[in-house]
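The structure appears below as structure tokens.
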Amino acid sequence: MVKPLTESMVFSVPLILAGLGIAVGFRAGLFNIGAQGQIIVGAIVAAWLGFAFDLPPVVHLLVAILGGAIGGAVYGGIPGVLKARFGANEVIVTIMLNYIAVYLISFILRQPTFNPGRTGQRSPAVSADATYPLLIPEWLVPGNTFRLHWGFVVAVLATVFVWWLLERSTVGFEIRAVGANPKAARTAGMSVGRTTIITMVVAGALAGLAATGQVLGTEGSLTAGVAASYGFDAITVALLGRSRPWGTFFAGLLFGALKAGGFLMQSLTQTPIDIVLVVQSLIVLFIAAPPLVRTIFRLPAPSARPRSRRAVKEAAA
Amino acid sequence: MKLELRGITKVFGPLVANDHIDLVVEPGEIHALLGENGAGKSTLMNVLYGLYDPDGGEILLDGEQVRFKGPGDAVAAGIGMVHQHFMLVPVFTVAESVALGYEPAGPGGVLDLDRARQRVTEISERFGFHVDPDALIEDLPVGVQQRVEIIKALSRDAKVLILDEPTAVLTPQETDELIGIMGELKEAGTSIVFITHKLREVRAVADKITVIRRGKVVGEASPSSTETELASMMVGRSVSLTVDKEPATPGGPAFVVEDLTVVSPAGNVLVDDISFEVRAGEILCIAGVQGNGQTELAEAILGLEEVDSGRMVLDGTELGGTGVRDRLRAGIGFVPEDRSTDGVISSFTIAENLVLDIYDTPDFARGVTMSPTKVAENAVRRADEFDVRYTDVQDPISTLSGGNAQKVVLAREMSRPLRLLVASQPTRGLDVGSIEFVHNRVVRERDKGTPCIIVSTELDEVLGLADRIAVMYRGRIVGVVDGADADRDMLGLMMAGVPLEDARRQAAEHHSVLGEADRAETPGAPAAAAETPHTPDPASPEERP
């Protein structure tokens, strides 16, 4: 009974973290398609720190996590700097960087350090000190096979952090201002370029954290398919969460459940797994096109200028 | 053609934009539709033009009921509209523009431009428009572009012509010409519906005036009513049309601009070698027709626009090389020209908009953590002080009317100790009551000793507010006049590029219709029946350092 729930949470870790990264970008008016590449680079750094070094237990994990975040941050920062400095379109740059990351990982997995066995598929396993401990340990529930690890806690903490960043910090105020109206932000003395760079760095760092959930937790080593399609699913997650931190968190849980349940659903009920993709796509369609939904269900359009009761009263007076 | 609207009602959600409006326009009549921004004038005309479907009421043309499914139907029925913002393609010629939408075609669908050209010449000659059918739209002055719009409507046999705020973009002299054209059209039997919120023009041209307030017809007036009468009908209470201010007591030069030049990325000289100074405690108005470099000048002062050469000195400190934030912190208050794109962030709350450029000061943030409580407290205080009508400071600012949103901008910019106030079009799109309020606050800032630069295209505002007036034309300052001896005709000529002395002479020789109206009124007895100080009078919160 509990195992499916924990499996859903396992799958949701990278979705939530990368989704948060995309959401921060959305709030700054940036369409960051590059989570995929940022996950890959974060994964490479985190895995390398995880297997190639020998550090004390807790420190090793923290270093590996930090390394993953920095790897993603640097890779996310590149399109940020290019946009701020030269006006390069972040959509195109991040898509291109995704390709670079994909070829980078397949190149790296052929190098002796990452691939002692020359199989080109998998790096050495990350040292036990650098892996996320299981969240529900053996002594608590004997004989459990839960894979849920502390990466989930990182996802929760990251959600809290992003909420604080966007709603309570001056940096978030700038991010939201630049996203909602860059001209007004500039007139108010904010630096649009600086905010763009900060946003992309934060987005990349969050994607890098998503990678640590995979290489330091679920997978335990670096594989060519480490990012799976998480970087793209994260866009859907952020859309469904309407770019709000907690919205993204719960959207991530939902998509995690869809991913976790898909395989079981197929083997037990012969329902094609593609139905998961169909459901996800419909969700995007319905969120992305409110007018379409209104037309289908004949809902009234929200009034252009909502007026409060008091304003109406004043107008009548 | 006689146009009759009966009981027109148009509802947007909870907002009743038009509430059973009746309107009769006789053939060959100039009927002014007077009302403040947001009173429902444009909605009514959009209903008439077939852009909106009315929720109730009927439209009658010569006594027959008609129903328009779109502008096409309205045009076919003989209704023409000249929008406030012209619907012209800059790279088209006049003939092409006129042909656009009903393209006359020869055999095989070949565009017959000759016929269009002929039509333009014909109409142009008949009404004395002087428009060359082969001129490119982008080369024409705004006044002529407007005539092209009128020709366009007439070429489709418009019997009723709707002019939506036609004088907003014109100099007084161009307005004069427009008034002449309206007279010609009227002679020819065309009915004109003239939408405006400018009282002076209404009195100069209208045969009949219908006043609309909050979606309802509040009454009809004759052109012989005084401006004060019209204003009180329009606003619903008595208002002061003159700016109430003492003569300025200016100090030394506080802000000096020397040889300032701004060049656009495309290489156009937008601000051309300008020098002027503003003294402490005086209001310098920059007058001019929209697009003569005033916007760029204001933005250059704040640092939004890159300066090509020249320098600006504020209280002895060079501004060059500092960013927007530095200049704001140095005490420049900036009210941008376009409130909705530059002044506020519409999805942000009223409270957030009130700290848009001071959010990271120690008053509202410790380190990088902002204090929502302090932001909210500040909002309540500022909003009350500036008489912003709101429901909750946590509502998005988009729920406020234009006037209240502008008060938010002013409240924000004046909440700091200022060393220079730059306000572009501070009252554009505001109702009479808010205009009065904004003007009073600017004067109060001046009286605190702050040098103020007000950029305005509205001559009424310039004449009422300025201690000195600099007129800009094509990026240059044509001349600087003292506010006291400025006159509408002279400024109008200067706005068209006529040098100061020539303008003074010409203005003395020939008076425009509106200038005439000015003279008739001055020496102005206080226009308002009763002063209504509708704002609380808070002790000025900040003293200049």
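The values are calculated or read from the model by the stated rules, or taken from the named source; none is laboratory data. Everything quoted here is computed from the prediction, not taken from an experiment. Cβ sites come from the backbone with ideal geometry, for glycine too, and all protein chains shown count toward neighbours.
A single entry from B:LYS159, B:LYS198, B:LYS152 fulfils the requirement of being among the charged types (D, E, K, R), assigned by TED's automatic domain parsing to the domain that holds B:HIS83, farther than 25 Å from B:GLU96 by Cα and touching a residue at least 24 places away in the same chain (Cβ under 8 Å): B:LYS198. Residues that are within 12 Å of another protein chain (Cβ to nearest Cβ) and either of a type in the set (Phe, Trp, Tyr) or touching an Asp or Glu at 6+ places or on another chain (Cβ under 9 Å) (or both) within region B:296-319 comprise B:ALA298, B:GLU299, B:GLY303, B:LEU304, B:GLU305, listed in sequence order. Scanning region A:29-65 for residues that are closer than 18 Å to A:ILE95 by Cβ and not in a helix (DSSP H, G or I) turns up A:GLY29, A:LEU30, A:PHE31, A:ASN32, A:ILE33, A:GLY34. Screening B:THR399 on (1) at the interface with chain A (Cβ under 10 Å from one of its Cβ atoms); (2) closer than 25 Å to B:PRO451 by Cα; (3) hydroxyl-bearing (Ser, Thr, Tyr) shows it passes everything except condition (2).
Can you pull out the residues in region B:1-17 that are of a type outside the set (Lys, Arg), away from chain A (no Cβ under 14 Å) and under 17 Å from B:ASP55 (Cβ atoms)?
B:LEU5, B:GLY7, B:ILE8, B:THR9
Counting the residues of region A:143-177 that are polar (S, T, N, Q), in a helix (DSSP H, G or I) and facing another protein chain (nearest Cβ under 8 Å) gives 1.
Of all residues in region B:19-39, which are part of a strand (DSSP E or B) and within 14 Å of chain A (Cβ to nearest Cβ)?
Of all residues in region B:19-39, those part of a strand (DSSP E or B) come to B:19-25, B:30-34.
Once the filter is applied, which keeps residues that are part of a strand (DSSP E or B) and within 14 Å of chain A (Cβ to nearest Cβ), region B:19-39 yields only B:ASP19.
Selection of region B:332-369 for residues being in contact with a Ser or Thr (Cβ under 6 Å, 6 or more places away or on another chain) and among the aliphatic types (A, V, I, L, M) yields B:ALA365, B:VAL368. If you filter region B:320-334 down to residues that are in contact (Cβ under 8 Å) with a residue 60 or more places away in the chain and more than 8 Å from chain A (Cβ to nearest Cβ), you find that the one that is nearest to B:MET414 (Cα to Cα) is B:GLY333. Residues that are farther than 14 Å from A:ALA177 by Cβ and modelled with pLDDT of 90 or more were ranked within region B:335-363; the one that is nearest to the other protein chains (Cβ to nearest Cβ) is B:PRO336. Only residues that are modelled with pLDDT of 90 or more, over 9 Å from the mean Cα position of the chain (by Cα) and surrounded by 24 or more Cβ atoms within 10 Å (Cβ to Cβ) were counted in region A:212-243, giving 8.
Between a residue in region A:178-195 that is at the interface with chain B (Cβ under 7 Å from one of its Cβ atoms) and at positive phi and any residue that is among the aliphatic types (A, V, I, L, M) and in a helix (DSSP H, G or I), which pairs come within a Cβ distance under 6 Å, given they are 6 or more apart or on different chains? Listed by first residue and then by second, the contacts come to A:GLY189/B:VAL324; A:GLY189/B:LEU328. Within region B:17-71, the residues that satisfy the criterion of being buried (at least 19 other Cβ atoms within 10 Å of the Cβ) and β-branched (Val, Ile, Thr) are B:ILE21, B:VAL25, B:ILE30, B:THR43, B:VAL47, B:ILE59.
Within region B:501-513, is there a residue that is in contact with an Asp or Glu (Cβ under 9 Å, 6 or more places away or on another chain), small (Gly, Ala, Ser) and at pLDDT below 80? Yes, that holds for at least one residue.
When A:LEU17 is tested against the conditions (1) touching a Ser or Thr at 6+ places or on another chain (Cβ under 9 Å); (2) over 16 Å from A:SER229 (Cα atoms), the lone failure is (2). Taking B:SER371 as the residue in question, decide whether it is within 13 Å of another protein chain (Cβ to nearest Cβ) and either under 27 Å from the mean Cα position of the chain (by Cα) or of a type in the set (Val, Ile, Thr) (or both). Criteria not met by B:SER371. All conditions but one from (1) at pLDDT 85 or above; (2) under 27 Å from the mean Cα position of the chain (by Cα); (3) assigned to a loop (DSSP other than H, G, I, E, B) apply to B:GLY189; the one that does not is (2).
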